[in-house]
Amino acid sequence: MKDTLHVNGKLGSENYLMEIKTTNHTVMVDEPISIGGSDQYPNPAQYLLSALASCTAITIKMYADNKGWNVGEINVDVKMKEAISSGKPRKKIVKAVQFENPLKDEQIERLLTIGSKCPISKLLEQPVNMEFEK
């Protein structure tokens, strides 16, 4: 199987402070003080939700630009909640999108539909096989 995306993470001597390298960028990840981190950087779950928020907004913006719709600023609020499904606790992600400029209801509905099809949304909604490489 060919790699389509690759990052590398290094956890050093400082509790839970991790350096992540992508092809062209370096970001830091941390954990809250309450569980032993220093809370200097977002935690992994916050990065996951950030990826979803940015992917949603970018996908919507690309579509709106293609249609010639001036949506203005796009604000995406993403929350992870606890939910019960079939009697079992599960995580639920809820997105809210607001547009700076007024739009018709049909435009908003179309943009939300397009936003729900962003690559990160699709990745999170389907089963993903994970394994450790030996």
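The values are calculated or read from the model by the stated rules, or taken from the named source; none is laboratory data. Everything numeric in this text was worked out from a predicted model, so none of it was measured. Cβ sites come from the backbone with ideal geometry, for glycine too, and all protein chains shown count toward neighbours.
May I ask you to list pairs of residues, at least six apart or on different chains, whose Cβ atoms are under 9 Å apart, with the first in the stretch 83-99 being modelled with pLDDT of 90 or more and exposed (fewer than 11 other Cβ atoms within 10 Å of the Cβ) and the second being among the polar types (S, T, N, Q) and assigned to a loop (DSSP other than H, G, I, E, B)?
Close Cβ pairs satisfying both conditions: none exist.
Quick check on Ile120: is it touching a residue at least 40 places away in the same chain (Cβ under 8 Å), part of a strand (DSSP E or B), under 29 Å from Leu11 (Cα atoms) and of a type outside the set (Phe, Trp, Tyr)? Write out each step before concluding.
Numbers: touching a residue at least 40 places away in the same chain (Cβ under 8 Å): yes; part of a strand (DSSP E or B): no; under 29 Å from Leu11 (Cα atoms): yes; of a type outside the set (Phe, Trp, Tyr): yes.
No, not satisfied.
Given the criteria small (Gly, Ala, Ser) and either closer than 21 Å to Lys122 by Cβ or surrounded by fewer than 13 Cβ atoms within 10 Å (Cβ to Cβ) (or both), does Ser38 qualify?
Numbers: small (Gly, Ala, Ser): yes; either closer than 21 Å to Lys122 by Cβ or surrounded by fewer than 13 Cβ atoms within 10 Å (Cβ to Cβ) (or both): no.
For Ser38, the condition - small (Gly, Ala, Ser) and either closer than 21 Å to Lys122 by Cβ or surrounded by fewer than 13 Cβ atoms within 10 Å (Cβ to Cβ) (or both) - is not met.
Within the stretch 92-117, how many residues turn out to be closer than 16 Å to Ala53 by Cβ and either in contact with a Lys or Arg (Cβ under 7 Å, 6 or more places away or on another chain) or outside any loop (DSSP other than H, G, I, E, B) (or both)?
So the answer is 12.
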